[in-house]
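Reading through the structure tokens given below for one structure.
The values are calculated or read from the model by the stated rules, or taken from the named source; none is laboratory data. As the structure is a computational prediction, the values presented were derived from the model and not from experiment. Cβ coordinates were reconstructed from backbone atoms using ideal geometry, including for glycine residues, and neighbour counts include every protein chain displayed.
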């Protein structure tokens, strides 16, 4: 890689950078800095609802789709990975955010490799030293897994790790502000005495910008932090000073994290999907490691109090602007519908299983289809034809409830894709992208099984409380079955595979024609 960023792309005067999450909190603010020196390709699920501007090209991208990811990352030199999946992206979302984060990171990493991206900069959280991964919070474990998935692509990755980011419209800081603003008396559990390394939003943005294309930090983890290391209790005290209010704090030793997260969400009205994982992480000290700090990137200059004051002032200005725009909009007789306001009756269901030793995602896809017919007997029967089209029937029904077509072009040993192409229970109109995917997490025996963009044909209320619940039960039973199979060893796995019918007239196996494990 050339050290001079301006010569990285010979076809452009300025390097091009991919900015994921460009309409989000960090992404939107980072874009303002990047466009001073780069041509920015801004990605969002609803990118087409934004207008291009000088040095900024908007693209729509759903990173749950590998095709979307490959197309969206075309023509860039570098990329910022700012994607997180805490909030639901479908009308019904089933599954843990960790598993959805793994899918998003894998699709991004593969697309980056395919498009020749030269450097990925990933914003993560500070991970405590000398702590086993299994003892970390779900949020931090997920951030580590995403890092490993991105690195598995072979594209150089720089992981910027930050603690609490102080800025308007963020995640953690607004929760802290609302607690202090709304509660004159607070009972503080033990975790509020945990130290963290807060950093101002503007300092984080500078860290990210100064890292992209920087050969010194490629392949490295870089911790960042501001000038202050303090406990959450001290932050609350300083926040009260910024707000000009008197607050009383009572230390208690018995308030658990589970109770704390319920209390915090009730007081702040923060979405549970976002607040719970963040609050669970507060038990860990999140202080930048001096050995992972880099001059010109790691050292923020704004104090917590200064950053908090600026954030609240900026939040007030934005709120006033939003109210003004709302008043102007209300004067119009017709309001133009936006792409983001349209709601689809779609489903995303994601579960993780552990594969037996020596098995991969391709095997899991074949085995699951076969296993489903056997375990659901006599209620369910399955079959396939010579074209690799599998069909699931309720026994004694002549029409299938679901039709799945193996997509060989998009599949491989570590990924098996089955397109939902018909059935009484599915809406599969032209342009429909519903699919069942099996994805093996790089470097592990974990496999994520995901239904994407599924559009049920039965009434929504009926689907939600019958078919959707049944799917979760089936996936739980399958996960337990694979655990037992793995404990029995490779010989037992082979025996099960040999017992699985694979003939064309089989009533119990949906297996792609000619495919073997």
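Data overview
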item	result
Residue in region 234-242 that is crowded, with 22+ Cβ neighbours inside 10 Å and closer than 28 Å to residue 21 by Cβ present	yes
Conditions (1) in a helix (DSSP H, G or I); (2) farther than 27 Å from residue 205 by Cβ; (3) in contact with a helix residue (DSSP H, G or I) (Cβ under 6 Å, 6 or more places away or on another chain); number of the one not met by residue 253	(1)
Some residue of region 258-265 being part of a loop (DSSP other than H, G, I, E, B) and closer than 16 Å to residue 235 by Cβ	no
Lone unmet requirement of (1) under 19 Å from residue 25 (Cα atoms); (2) touching a helix residue (DSSP H, G or I) at 6+ places or on another chain (Cβ under 7 Å); (3) not in a loop (DSSP other than H, G, I, E, B) for residue 270	(3)
Residue among 420, 394, 441, 401 that is within 30 Å of residue 151 (Cβ to Cβ) and in contact with a strand residue (DSSP E or B) (Cβ under 8 Å, 6 or more places away or on another chain)	441
Residues satisfying the stated conditions in region 122-158, i.e. assigned to a strand (DSSP E or B) and over 16 Å from the mean Cα position of the chain (by Cα)	157, 158
Any chance residue 178 is modelled with pLDDT under 95, assigned to a helix (DSSP H, G or I), under 19 Å from residue 278 (Cβ atoms) and touching a strand residue (DSSP E or B) at 6+ places or on another chain (Cβ under 6 Å)	no
Any chance residue 390 is crowded, with 16+ Cβ neighbours inside 10 Å, more than 26 Å from the chain's Cα centre (by Cα) and in the same structural domain as residue 353 (by TED's automatic domain parsing)	yes
Selected residue (criterion: surrounded by the fewest Cβ atoms within 10 Å (Cβ to Cβ)) from residues of region 469-490 that are part of a helix (DSSP H, G or I) and at pLDDT below 90	487
Odd one out for residue 74 among (1) at pLDDT 95 or above; (2) in contact with a helix residue (DSSP H, G or I) (Cβ under 8 Å, 6 or more places away or on another chain)	(2)
Residue match in region 435-448 (condition: part of a helix (DSSP H, G or I), in contact (Cβ under 8 Å) with a residue 12 or more places away in the chain and in contact with a helix residue (DSSP H, G or I) (Cβ under 9 Å, 6 or more places away or on another chain))	no
Residue match in region 375-391 (condition: in a helix (DSSP H, G or I), at pLDDT 85 or above and within 23 Å of residue 482 (Cα to Cα))	yes
Among the candidates 311, 211, 260, 298, residue that is closer than 25 Å to residue 86 by Cα, touching a strand residue (DSSP E or B) at 6+ places or on another chain (Cβ under 8 Å) and buried (at least 18 other Cβ atoms within 10 Å of the Cβ)	311
Selection status of residue 432, outside any strand (DSSP E or B) and either at pLDDT 95 or above or closer than 20 Å to residue 371 by Cα (or both)	no
